[in-house]
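So the structure is just underneath, and the comments pick up after that.
The values are calculated or read from the model by the stated rules, or taken from the named source; none is laboratory data. Please read these numbers as outputs of a predicted model, since none were measured by experiment. Cβ placement follows ideal geometry from the backbone for every residue including glycine, while neighbour counts extend to all protein chains displayed. Protein only, heavy atoms only, side chains kept; ligands, DNA and RNA dropped before computing areas. Shrake-Rupley method; radii C 1.70, N 1.55, O 1.52, S 1.80 Å.
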Amino acid sequence: QPSMSPDQARAPRGAWRLFTAAWHRILSALLVFSVAILVVPVSLQIFSRYTSLIPSYIWTEEMARFLFVWLIMIGAMVGMREGTHFIVDMWPKLSPRADAVLQLVSGIAVLVFAVVFVIAGWEFTAFAFNRISELAELPLWMIHVAWPLLGLSWLAFHGERMFDLWRIATGREGGARR
């Protein structure tokens, strides 16, 4: 798989790994789909603003905003799985074990943020359960649920990465990380 790092490819394959790989494929497809769908309301806005060929639809601005929120959240989930979301290289070349320990320490902060997204995101979603958007009249929980879903996905994907790093740091698995 092109989106899997070499360390993930060598990692033991179990039910959890198969689940996260499938979830990643679903999210990647949803990311492509959301970009394609986002083109529709934005195009309608542009054409209605500069031509008189179609009427000006008010709901398109709200729909574009909601789709953009989902696009960002799904992109952040995919970025976490692919290991491209929270990586900053500022240390010299370290041994695989030292690199794994450093990444474990910094990874704890990412897991804390993921837990915050789950807890605060669930409260944010619960607040929107019986509310609808003003223009498109969509249930707001459908937009707000992106936050706890983001947190859960980060926990799954980064937790998997942390497990791999733990195996390297404790000497149970060799190999170099980025």
- Task: Choose one of 140, 19, 70: the residue whose Cα lies farthest towards the positive end of the charge dipole of the chain (beta-carbon charges +1 Lys, Arg; -1 Asp, Glu; about the Cα centre).
- Result: 19
- Item | Selection of GluC sites (Glu not before Pro), segment 61-151, meeting DSSP coil and at most 12 other Cβ within 10 Å | 134, 137
- Which of (1) 10, 39, 36, 14, 2; (2) 9, 33, 34, 20, 4, 0; (3) 9, 29, 29, 18, 10, 4, 1 gives P(r) over Cα pairs in 10 Å bins from 0, in percent as computed here? It is (3)
- Note on the structure: When every protein chain stays in place and a 1.4 Å probe is rolled, 27, 38, 94 sorted by accessible area with the largest first are 94, 38, 27
- Output the relative contact order of the chain, whole-number percent, from Cα pairs under 8 angstrom with separation of 6+ residues. 27
- 3J(HN,Hα) from dihedral phi, segment 17-33, Karplus parametrisation 6.51/-1.76/1.60, rounded to Hz, x for glycine, proline: 5, 5, 5, 5, 5, 5, 4, 5, 5, 5, 4, 5, 5, 5, 5, 5, 4
- Extended-chain gain in nm, criterion 0.36 nm per residue less alpha-carbon gap, residue 132 and residue 52: 25.8 nm
- Message: Can you list residues from other chains, or at least 5 along the same chain, whose modelled amide H is less than 5 Å from the amide H of residue 132?
- Response: 140
- Note on the structure: Taking R0 as 25 Å and r as the Cβ-Cβ distance between residue 109 and residue 29, the FRET efficiency 1/(1 + (r/R0)^6), rounded to the nearest 0.05, comes to 0.25
- Task: Identify which of 54, 119, 168 has the largest mean-square fluctuation in a Gaussian network model of the chain, with springs joining Cα atoms closer than 10 Å.
- Result: 54
- Message: List the trypsin sites (Lys or Arg not before Pro) within segment 63-122 that DSSP assigns to loop and that have no more than 15 neighbouring Cβ atoms inside 10 Å.
- Response: 93
- Rounded to the nearest 10 Å², what accessible area does residue 59 show when all protein chains are kept and the probe is 1.4 Å? 100
- Item | Estimated dipole of segment 73-178 in Debye, rounded to 20 [Cβ of Lys and Arg +1, of Asp and Glu -1, Cα centre] | 480
- Query: How big is segment 15-103 on each of its three principal axes, counting only the C-alpha atoms and giving the largest first in Å?
  - Reply: 64, 35, 15
- Message: If you take every residue apart from residue 38 with its C-beta less than 15 Å away from the C-beta of residue 38, what net charge results, scoring Lys and Arg +1 and Asp and Glu -1?
- Response: -1
